[in-house]
C-alpha cells in the first residue's frame, strides 16, 4: 500500500527554532550596542590621553605643543617655526598665522607633530610643517590628524578662540591652504554619550558642546568653532524645544542621524 503520510515540524519544534532565532538576533543587537559603547568609551579615553600628553609636554618644555616658541623648538629639536603670530609665538594658544577658524595650519598641525616628536602620542605625525595645510583628502589627512576611535572618518583637530584652546571632533572631507570642508558624522546619541563622559551631557553648556555656528541651532549655537563657513549648518543635532537644550534623541531616527560635531575644551 502507498504511504501518504507527510512529515513536518511539530509546534514544539517550531517554537524551539523561533526561540533560537530570537536569541541569535538578540545577541547580534547586544553585540552591536557593545561595539558602539566601546567605541564611545575609547574616544573619551583618547581625549583624556591627549590632555595628559599636553600637560606632560607643558611641564617638560614650558610651552604647549605647536605653540612652543621658535627658540625653544630649535633648542629641543622640534620642527622649525617662524616665531611670529600663530607660528611658534609661545602665547599659550594653538593657532594659525591669521587666527582664522576656516583653515588648518601652522601651530594647529605642528601640535600633533610636537607630541609625536616627544613620544607622547602614537600615529607617526611627522609630515606637517610650519605652513598652512596643503590640499588633503580623507586618506592623506590621516598623516596630519589622529582618527577618533568612534570611526567613520571623524578626526581630532585643535584650535584656539576667545582665549581658550579646543579640540574639535569632526569629519574633514577636504582641505586647501585657505579652507576646510567637513561633514557632520556623529549622531546625537553618540554626541550625548561622549558629552556625558567628558562633561555635563548638554550641548550648549560646559566644556563639551555641539559645534554649530548657525542661528538655527538656537542657544546651542557655538560661534567659536573650527570651520564655521562650511559643514556646520545642520541644526538637527540639538532639540531646542527643551530647556536647557538637549541632544536630539526624541526618536530613534533622530538619535541615530549623523548631524553633529563636537567642540571640547582642552584641559
Do you know which residues across the stretch 160-198 are farther than 24 Å from residue 256 by Cα and either touching a helix residue (DSSP H, G or I) at 6+ places or on another chain (Cβ under 6 Å) or in a loop (DSSP other than H, G, I, E, B) (or both)? 162, 163, 176, 177, 178, 179
If I go through the stretch 104-147 residue by residue, how many of them are touching a strand residue (DSSP E or B) at 6+ places or on another chain (Cβ under 8 Å) and over 20 Å from residue 49 (Cβ atoms)? 12
Residue 150 fails exactly one of (1) in a loop (DSSP other than H, G, I, E, B); (2) in contact with a strand residue (DSSP E or B) (Cβ under 6 Å, 6 or more places away or on another chain); (3) in contact (Cβ under 8 Å) with a residue 60 or more places away in the chain; (4) under 22 Å from residue 39 (Cβ atoms), namely (2)
Candidate set from the stretch 200-211 (those that are surrounded by 17 or more Cβ atoms within 10 Å (Cβ to Cβ) and under 16 Å from residue 266 (Cα atoms)); member that is modelled with the lowest pLDDT: 211
So, in the stretch 169-179, how many residues would count as being closer than 24 Å to residue 267 by Cβ and buried (at least 24 other Cβ atoms within 10 Å of the Cβ)? 3
Failed item in (1) under 17 Å from residue 163 (Cα atoms); (2) touching a residue at least 60 places away in the same chain (Cβ under 8 Å); (3) crowded, with 18+ Cβ neighbours inside 10 Å; (4) out of contact with any helix residue (DSSP H, G or I) (no Cβ under 8 Å at 6 or more places or on another chain), with residue 105 passing the rest: (1)
Can you report the number of residues in the stretch 244-263 which are out of contact with any helix residue (DSSP H, G or I) (no Cβ under 7 Å at 6 or more places or on another chain) and closer than 13 Å to residue 194 by Cβ? 2
Whether any residue in the stretch 132-144 is buried (at least 19 other Cβ atoms within 10 Å of the Cβ) and under 16 Å from the mean Cα position of the chain (by Cα) is what I want to check. yes
Could you pull out the residue among 94, 113 that is touching a helix residue (DSSP H, G or I) at 6+ places or on another chain (Cβ under 6 Å), within 19 Å of residue 168 (Cβ to Cβ) and either in a loop (DSSP other than H, G, I, E, B) or at pLDDT 95 or above (or both)? 94
Which numbered condition in (1) without any contact (Cβ under 8 Å) to a residue 12 or more places away in the chain; (2) farther than 16 Å from residue 170 by Cα is the only one that residue 131 fails? (1)
Residue selected from the stretch 65-91 under the condition touching a helix residue (DSSP H, G or I) at 6+ places or on another chain (Cβ under 6 Å) and closer than 17 Å to residue 166 by Cβ, by the criterion surrounded by the most Cβ atoms within 10 Å (Cβ to Cβ): 66
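The values are calculated or read from the model by the stated rules, or taken from the named source; none is laboratory data. Computed from a predicted structure; not experimentally measured. Cβ: placed from backbone, ideal geometry, glycine included. Neighbour counts: every protein chain shown.
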